[in-house]
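Let me begin by presenting the structure, written as structure tokens, before commenting on it.
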Amino acid sequence: MSRYLRWLPALALLALALVLAGLWQEARRSRTALEREHATLTRLLAERAPPAGAEDVARRLEALPWRLVAESSAVAAADAQGLVTRRVEAAGAELVSVQVAAPEPGVPPRLPLELRLVAGDHRVLRDLLHALEYGRPAFLIDRLEILGEERGARLRVALALSLFLAGDVTRPEEESGG
């Protein structure tokens with residue numbers, strides 16, 4: 001009988017890996033759908049806008065609820081850190097560290113974040129991933145890495161996230177206030 005019990009932790013980790021793989025696939029599908037939705041909205045808004053109305057299209061895109069509105073990259077970083085902290089705590093996980101990088105230029109600009117956290121179990125991790133991707137503004141999960149297990153089946157996790165920003169907060173003159 002003890003021979004079968006030796007395989008129980010490995011089977012539990014295999015089941016967890018399968019659940020997380022399913023969550024990862026769903027997150028990738030959600031991200032693709034969100035990017036498709038953004039492209040469609042951009043095209044539709046551009047078609048409806050008058051030919052000289054590029055500013056109007058940009059203003060409409062900035063008002064979409066899945067983007068973080070901030071007047072500078074420093075404010076965006078602070079707001080993103082606060083948002084992710086509240087969502088991690090609401091899901092029942094314990095945040096170990098948050099690192100916010102400089103916004104990446106693009107349409108729309110993206111703010112990358114790196115998280116390290118401890119989740120009570122796979123259900124807490126699932127709830128956290130759902131809260132991050134489906135909350136407003138939405139965080140996109142770029143990378144999920146399970147670093148190991150602590151006593152009591154608590155998972156140590158590393159996440160790389162991105163957050164779309166409204167407006168171009170990547171310009172240096174906004175940083176200096178001019």
**Item:** Qualifying residue in region 126-143 (condition: farther than 22 Å from Arg29 by Cβ and either in a helix (DSSP H, G or I) or out of contact with any Phe, Trp or Tyr (no Cβ under 7 Å at 6 or more places or on another chain) (or both))
**Value:** no
**Complete:** Of the residues in region 157-173, those that are at pLDDT 70 or above and farther than 16 Å from Gln99 by Cβ come to Phe164, Leu165, Ala166
**Request:** Check Ala58, Ala93, Ala101 and return the single one that is crowded, with 16+ Cβ neighbours inside 10 Å, modelled with pLDDT of 75 or more and small (Gly, Ala, Ser).
**Result:** Ala93
**Prompt:** Does His130 satisfy being closer than 15 Å to Arg154 by Cα and either over 13 Å from the mean Cα position of the chain (by Cα) or surrounded by 15 or more Cβ atoms within 10 Å (Cβ to Cβ) (or both)?
**Reply:** no
**Asked** Across region 33-47, what is the total count of residues that are exposed (fewer than 11 other Cβ atoms within 10 Å of the Cβ) and closer than 21 Å to Leu159 by Cβ?
**Response** 1
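The values are calculated or read from the model by the stated rules, or taken from the named source; none is laboratory data. For clarity, every value in this text was computed on a predicted model and none was experimentally measured. Every residue, glycine among them, receives a Cβ derived from its backbone with ideal geometry; neighbour counts consider all protein chains shown.
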